[in-house]
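The values are calculated or read from the model by the stated rules, or taken from the named source; none is laboratory data. In this text, all values refer to a predicted model and were calculated from it rather than measured experimentally. Backbone-built Cβ (ideal geometry, glycine too); neighbour counts: all protein chains shown. For accessibility, only protein heavy atoms count, side chains too; no ligands or nucleic acids. Shrake-Rupley method; radii C 1.70, N 1.55, O 1.52, S 1.80 Å.
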Amino acid sequence: RGKGVMVRESVALGGLLALCLVQGAPAFAPTCSPILRGAVSASAVPQRPLLAPALPLAKKSGGRACGAAALRGSSAAVDPEQDYDDVAFASIPKGFDPYTKSLDAWFEQLGADNNEDRTLAGFAIFQQHTDNGQEDEVIDRLFGMLTLKEVLHRRAAVQTLGMIGEKILPKTQDLMLTTDCMTTRASCSKVMGAVALRNPDNLKDFPQDALDGMRKAMTEIPDPVTKVASMSALAQIAGGDMANGHTGCQRALDLIMDLGKESDDVSVLMSVTNALSSIARTNPQWHDIIFDSLEEMQESKAKVEGFNMVNTIIRTQLMALTKGARGSKIPAAGDGGDDLIDTSWFGTDDDSEDDEDWDDVASSFARKK
C-alpha cells in the first residue's frame, strides 16, 4: 500500500486510541460533583480489545448466556400461571407482596449486593409509587440516584424508572440534554433503554421526542459514554423482543440508519454497524433494509479516515445477511448469545458505563425452580 494510505490509517487509529484513553481519565467529568469524579476510579472495568468481534457473544454466568440474549431466552419460557405475566417481570415470585416493607425500606434494598434483591426492591417501588399521592416524590428520588457513586445502586434506580414506564421519558430527556454531568447523561440514556426493555409491548409507539433526544445525544453531546448508552438504547427500542412476539420500533431503526448516512465519525459508524447487525439477528423482516443500509455506508463512507476498519466489519455482516438468505433468520453465533452492540470502539469507562444496565438485571430473569 502507498505510504499516504498507511499514514492516514495510522492517524485514524491513533485518534481512536486517544478517545479510549480519554475515557479513563478522572478529569473527563470535570463538571460532576467530587463524589462522581472519585467514582471514575472506584471500580475499574477490564478493558476489552479495540478490535472486538463483529457480533460479540454475551457474557456468561455459571455457563448461561447473560445480557439481551438471556432476557429473550428466559422470557420465552415464562410460567403461564405467573402472577405477573409481563416477561419483563418473570423473576418475581408468585404471591410476592410489595407491601411487606415500607417504601423507604425498599429504597434501601435497591443498594443490596444480590441482584434478585435489587430487582424485587425495584418492582416493589414500582408497585407502590402512585400510592398516597407520592408519585412525583418517588420519581424525583429515583432520578436523584442517577448520580450515585455505587454502580449497582445506580443501575437499580435506572431499572426501576424503566418499570415505571413512558411517563418518565420527558423528564429523562430534559435531564439528559441539560445536565453537565457525564454519569447522569449516560444514565438517562440507559433509562430510555430500560423503559423499552420493561415495556416491550409499547415499542412501536415509542415517543418520538425521546428518539429525537437520543439523536441529539449521538450528534451533539461529545462524550463517548453517552453515545454508548444512547446507541444501546436505540438498539433495544428498534430490536424489540421477537422471542415473545414484540416487534421493535422501525422509527428507531430508521434513526440508526440515518446516523450511518449523516455521520463521518468512525466511532459512530462502528456503533451503527454493530447495532444494525444485532437487530438483524432477531428481526428477519428487516434484513433487506439493513443490508441496503450497510451497503450504502460501505460505498458512501469509503473516503472517511479510518473507515477501512469499519468496512471490514460491514463486509462480515453483509456476508452473514447473504448466508441468512436476506429474509430468513441469521444463524446464531457460537453460544447463541449477543450483546446489543459492540461498544469497545468508544473506549471503556471506569464507572462501568461500558456495561449495559440490563446486563446486570437480565441474569436474574431465569425462572425460579
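Tabulated results
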| read-out | value |
| --- | --- |
| Filter result for L103 (farther than 27 Å from Q236 by Cα, modelled with pLDDT of 70 or more and open to solvent by less than 40 Å² (accessible area, probe 1.4 Å)) | yes |
| Members of region 160-169 found to be open to solvent by 40 Å² or more (accessible area, probe 1.4 Å) and in contact with a helix residue (DSSP H, G or I) (Cβ under 7 Å, 6 or more places away or on another chain), listed by number | E166 |
| So A88, is it closer than 27 Å to L175 by Cα, surrounded by 16 or more Cβ atoms within 10 Å (Cβ to Cβ), touching a Leu at 6+ places or on another chain (Cβ under 7 Å) and at pLDDT below 90 | yes |
| Flag for G144 being in contact with a helix residue (DSSP H, G or I) (Cβ under 8 Å, 6 or more places away or on another chain), at pLDDT 95 or above, part of a helix (DSSP H, G or I) and among the small types (G, A, S) | no |
| Among (1) acidic (D, E); (2) farther than 25 Å from G260 by Cα; (3) touching a residue at least 60 places away in the same chain (Cβ under 8 Å) - the single one E166 does not satisfy | (3) |
| Filter result for the condition that a residue is in contact with a Cys (Cβ under 6 Å, 6 or more places away or on another chain) and over 23 Å from G240 (Cα atoms), over L152, L203, L175 | L175 |
| C188 vs. criteria closer than 22 Å to P222 by Cβ and at pLDDT 95 or above | yes |
| Single residue of A157, A124 found to be buried (at least 24 other Cβ atoms within 10 Å of the Cβ) and within 19 Å of D97 (Cα to Cα) | A124 |
| Total residues in region 127-146, condition open to solvent by less than 30 Å² (accessible area, probe 1.4 Å), under 23 Å from M176 (Cβ atoms) and not aliphatic (A, V, I, L, M) | 2 |
